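Just below is one structure, and these are the notes that go with it.
The values are calculated or read from the model by the stated rules, or taken from the named source; none is laboratory data. Remember, it's a predicted structure, so these values are computed and weren't measured experimentally. Note: ideal-geometry Cβ built from the backbone for every residue, glycine included; neighbour counts use all protein chains shown. Only protein heavy atoms, including side chains, enter the accessible area calculation; ligands, DNA and RNA are left aside. Shrake-Rupley method; radii C 1.70, N 1.55, O 1.52, S 1.80 Å.
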Amino acid sequence: MSSLEEDLAPLRIPLVAVSIATNNFAEVNLLKRGRKEDVYKGVLLWPWCEVDVEIEVIVIRGRVFKFHEEIKRLSRFNHRNAASLIGFCDEEDERMIVMEHAVNGSLDEHLSDPTLTWSQRLHICFGAALALSYWHENTPYFYKGRFRILLDKDWEAKVVIRIDSESENSDVYRLGVVLMDVLYGRKATIKDVFECLDKMRRKYHDGRHLDDIVHPNLRKQMHPESLSIFSELAHDCLKEQGYYNIVERLREAFEIQWKHENLVSTFIILYFSFRIG
């Protein structure tokens, strides 16, 4: 056993424990089936943890690049917007990552939900950007990989990162796609990405707006400046530009929207107070 494996020993979870937690990887517990990995939900029981805890199990298929090094990095990803690593399993040629379950599932599941407001979406994107920024500051190289945005009981972003040496895109580009998803109110297609880039180019040249690509219910809520900052950031991420001010730009978009909504709320309250008075 290498020194790295010895360091990770406290995080190792037996395959039998993961099998029991997921009811032997039952179809009913399957959350997501992907090209390279499947994700299951389950409950990890004592004595494999101090208390029973809801988990998500990422079952990795095929070749695994530096699995134990990835687990080491994930174990150090200690940020309020990072999903909590519970442990891992590497028995019988299986490679699994065990994360704490997020009560409200993934952002993907709520993109078309009309009750998820523009302010909430901005806050979620801001939290995800904070986590990704922290990862970059504490990772010694610019990596290519994948990430998922999960949502806890308070609708806070919880980011799950997977390093993927075969990925064609950086996480900056993938964040741009997520911002596109949020604007569209659904999963963006490749066609949507090119359409957005084209519309942003034309906006810079002739001032056209993005109303026809933004979800109508969201557009009604948006302060124009908040939308402008957000859409320009999506464009820059898709072009893999301006990474180092992503957090600041999302914070600015959120603060503008928050002030706008509170000003409107105050106006409504005052209006009805005068009417009643």
Return the pairs, sorted by first residue and then second, in which the second residue is open to solvent by 80 Å² or more (accessible area, probe 1.4 Å) and basic (Lys, Arg), the first residue lies in region 31-45 and is more than 20 Å from LEU15 (Cα to Cα), the beta carbons are less than 9 Å apart, and the residues are 6+ apart or on different chains. GLY34/ARG61; ARG35/ARG61
Restricting attention to region 78-99, which residues are in contact with a strand residue (DSSP E or B) (Cβ under 7 Å, 6 or more places away or on another chain) and over 21 Å from GLY62 (Cβ atoms)? ASN81, ALA82, ALA83, SER84, LEU85, ILE86, GLY87
Can you tell me which residue within region 87-102, out of those that are touching a helix residue (DSSP H, G or I) at 6+ places or on another chain (Cβ under 8 Å) and surrounded by fewer than 21 Cβ atoms within 10 Å (Cβ to Cβ), is nearest to HIS136 (Cα to Cα)? ARG95
Looking for something at pLDDT below 70 and of a type in the set (Asp, Glu) - is there at least one such residue anywhere in region 171-180? no
Among the candidates LYS158, LYS153, LYS144, which residue alone is more than 19 Å from LEU238 (Cα to Cα), at pLDDT below 95 and open to solvent by 10 Å² or more (accessible area, probe 1.4 Å)? LYS153
Do you know which residues across region 1-49 are of a type in the set (Ser, Thr, Tyr) and in contact with a strand residue (DSSP E or B) (Cβ under 7 Å, 6 or more places away or on another chain)? THR22, TYR40
